[in-house]
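Everything on this sheet refers to the single structure shown next.
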Amino acid sequence: MVERRESTTGGRVTVVSSVPSGKQLAAQHIEAERASPKTSTHARPPEQGDQLHRAPTDILAGGVLRPPTDQEHRL
């Protein structure tokens, strides 16, 4: 997926770069990651898809991921 060669500038530098098949594989992976949530939500009824899209925003807006307070630690 990558090729390794000595630098033309000298020194002890090795240059590593993607070969075309490596770039293609990376692009396919990125596209699959982007499509994954869309695929799972499109297979559901519209109201469930809307809920799945809203959930992360609601969680972040509600402070669910904030550190617990001292009082919450004691519970």
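The values are calculated or read from the model by the stated rules, or taken from the named source; none is laboratory data. It should be emphasised that the depicted structure is a prediction, and the values quoted were computed from it without experimental measurement. Methodologically, a virtual Cβ is constructed for each residue, glycine included, from the backbone with ideal geometry; neighbour enumeration extends over all protein chains shown.
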Filter result for Ala26 (under 30 Å from Ala55 (Cβ atoms), modelled with pLDDT of 80 or more and aliphatic (A, V, I, L, M)):
yes
Could you check region 6-27 and list, in sequence order, the residues that are charged (D, E, K, R) and surrounded by 10 or more Cβ atoms within 10 Å (Cβ to Cβ)?
Glu6, Lys23
